[in-house]
Amino acid sequence: MVPTELILRTRGPDDTRAIGAAVAGLLRPGDAIALSGELGAGKTVFVQGAARALGVTGRVTSPTFTLVRTYEQADPPIVHCDVYRLDRLHDVMDLGDEVLAPDVVTFVEWGDTIGPLLPTDRLEVELHLADPDQPDGDRLIRVRASGTWVSRLPDLTAACAAWRDGAA
């Protein structure tokens with residue numbers, strides 16, 4: 001059976017951004033990346049790394065209150081949304097046509113809460129504190145591939161070799 005999961009460990013925000021950049025190297029228009037994990041785990045930091053690698057030169061911030069941020073200058077363009085404040089799955093449909101459009105890459109913070117609305121072909125990135133007693137400490141990142149991402153996972157594994165749990 002082909003592995004569909006990768007476990008990574010970061011030592012700080014720069015590592016988390018670097019993993020986001022490694023993922024960016026494999027992104028294609030239409031891709032969806034579902035991010036999950038507790039508050040402060042590094043979801044936005046991960047997107048910052050991917051956005052920078054895709055050509056965003058401006059500031060990348062959490063869309064918690066705006067719900068959606070679009071970065072047209074990225075190649076491909078990025079739609080970054082946060083569904084934390086939404087009460088119903090139906091509310092996601094009101095976010096706009098650009099969310100999950102075939103010509104953009106969509107990052108969804110708290111994506112695990114809207115799993116049924118996400119495409120089958122997606123990358124799930126789950127970030128957690130390695131030690132809950134150390135909020136500024138290491139992060140464990142579980143990356144799960146489904147659909148077309150399964151065939152890209154070996155390339156992602158190679159790109160993230162430095163952060164394989166135990167390697168860092």
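The values are calculated or read from the model by the stated rules, or taken from the named source; none is laboratory data. Bear in mind that the values here come from a model prediction, so they are computed numbers and not experimental data. Cβ placement follows ideal geometry from the backbone for every residue including glycine, while neighbour counts extend to all protein chains displayed.
Go through Leu100, Leu95, Leu118 for me and flag whichever is under 21 Å from Thr4 (Cα atoms) and either at pLDDT below 90 or among the aromatic types (Phe, Trp, Tyr) (or both).
On the way: Leu100 fails: under 21 Å from Thr4 (Cα atoms); Leu95 fails: under 21 Å from Thr4 (Cα atoms).
Matching residue, one of Leu100, Leu95, Leu118: Leu118.
Assess whether Ala18 counts as being among the hydrophobic types (A, V, I, L, M, F, W, C) and either under 17 Å from Val105 (Cβ atoms) or touching a Lys or Arg at 6+ places or on another chain (Cβ under 8 Å) (or both). Here the answer is no, as Ala18 does not meet what is asked.
Tell me, which residue of region 72-82 that is closer than 17 Å to Ala101 by Cβ and buried (at least 22 other Cβ atoms within 10 Å of the Cβ) is modelled with the lowest pLDDT? Before the answer, list the steps.
Narrowing region 72-82 to residues closer than 17 Å to Ala101 by Cβ: 72-81.
With buried (at least 22 other Cβ atoms within 10 Å of the Cβ) added as a condition, the list becomes 74, 78-81.
Working: Ala74: 95, Ile78: 96, Val79: 93, His80: 93, Cys81: 90.
Here the residue is Cys81.
Pairs are defined by a Cβ separation below 8 Å, a sequence spacing of at least 6 or placement on different chains, a first member in region 106-121 that is within 17 Å of Trp149 (Cα to Cα) and in contact (Cβ under 8 Å) with a residue 12 or more places away in the chain, and a second member that is assigned to a strand (DSSP E or B) and among the aromatic types (Phe, Trp, Tyr); no pair meets this definition.
Annotation: of all residues in region 1-55 being surrounded by 18 or more Cβ atoms within 10 Å (Cβ to Cβ) and among the polar types (S, T, N, Q), the one that is farthest from Tyr71 (Cα to Cα) is Thr10.
Look at Ile141 and say whether it is at pLDDT 85 or above and not acidic (Asp, Glu).
Working: at pLDDT 85 or above: yes; not acidic (Asp, Glu): yes.
When the stated conditions are applied, Ile141 passes them.
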